[in-house]
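The values are calculated or read from the model by the stated rules, or taken from the named source; none is laboratory data. All of these numbers come straight from a predicted model, not from anything done at the bench. Ideal geometry is used to build each Cβ from the backbone, glycine not excepted, and the neighbour counts take in all protein chains shown. For the accessible areas, the whole protein counts, side chains as well, though only heavy atoms, and no ligand, DNA or RNA atoms are used. Shrake-Rupley method; radii C 1.70, N 1.55, O 1.52, S 1.80 Å.
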Amino acid sequence: QQQVKQSPQSLIVQKGGISIINCAYENTAFDYFPWYQQFPGKGPALLIAIRPDVSEKKEGRFTISFNKSAKQFSLHIMDSQPGDSATYFCAASIEADKLIFGTGTRLQVFP
Amino acid sequence: DAGITQSPRHKVTETGTPVTLRCHQTENHRYMYWYRQDPGHGLRLIHYSYGVKDTDKGEVSDGYSVSRSKTEDFLLTLESATSSQTSVYFCAITAGAENGYTFGSGTRLTVV
């Protein structure tokens, strides 16, 4: 049973556009929701994270939107760039321990 | 990545043989994790450790064992490798709370 469901599986965006990746979770005890970015041949790296006491967190061009009642959260990449082309994983956990990951979204940004 | 190394980077092994993957960290972090990454499944937790000789099972632990005799080393052993264990294995460390995980560069294991 997938505790964290991620969509879409793949995403193609034009340079300068907005990339949106969505995740839904089931366990209401989850209290930490990070996003990781992975380039080919590398391990995932933390991009941005949010706690459920806020509805939005922004770091540069990356924003997490969080809807506690719907048990959903999403990553928005504004002004997408070719260098953003990577695989993105959402995750969830209790107290930032034993992260449970989504299945990943492969993002391709074309010039 | 700085502070965490995995070895080997690539390995091909035969079905039924034991295999040990190593994760070494220089950050002195207490928490260490082993994940496997497979298409369509994302990353799934195999085993984790909260300190020396303090380990526990994750979501997909069957067929795997771990050991942590020193803070810096976390070993993952496939007791008798099967083709279903062909995967990319990642080790991760964290200082805890919201410091985030730091992942190694992974070990690509192929079981033939």
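Some notes on this structure:
- Assuming charge only on the beta carbon of Lys and Arg (+1) and of Asp and Glu (-1), the dipole of chain B about its Cα centre is about 180 debye to the nearest 20.
- Per atom type, the protein assembly as shown shows carbon and sulfur on 48% of its accessible surface, probed at 1.4 Å.
- Accessible surface ranking for B:PHE103, A:PHE110, 1.4 angstrom probe, highest first: A:PHE110, B:PHE103.
- When A:THR87, B:THR94 are compared by accessible area of protein heavy atoms, the largest-first order is A:THR87, B:THR94, using a 1.4 Å probe.
- Prolate is the label for region B:1-40. Its Cα gyration tensor axes, ordered a ≥ b ≥ c, give a/c of at least 1.5 and a/b above b/c.
- Chain A: relative contact order as a whole-number percent, Cα under 8 Å and 6+ apart: 37 percent
- Treating each Cα of chain B as one equal point scatterer and applying the Debye formula with no solvent, the log10 of I(q)/I(0) at q = 0.13 Å⁻¹ comes out as -0.43.
- Taken along the Cα-to-beta-carbon direction at a fixed 7 Å, the label points for A:ILE94 and A:GLU59 span 2.5 nm.
- Separation of alpha-carbon centers, region A:86-110 and region B:11-42, rounded to whole Å: 18 Å
- Counted residue by residue at 0.36 nm each, then reduced by the alpha carbon distance between them, the extension gain from A:LYS71 to A:LYS15 reaches 17.1 nm.
- In a simple Cβ point-charge model (Lys, Arg +1; Asp, Glu -1; nothing else charged), region A:1-110 has a dipole of about 220 debye relative to its Cα centre.
- With a cut-off of 18 Å on the backbone N, the residues of region B:20-41 near the modelled label site 7 Å out from B:LYS70 along Cα-Cβ are B:20-33.
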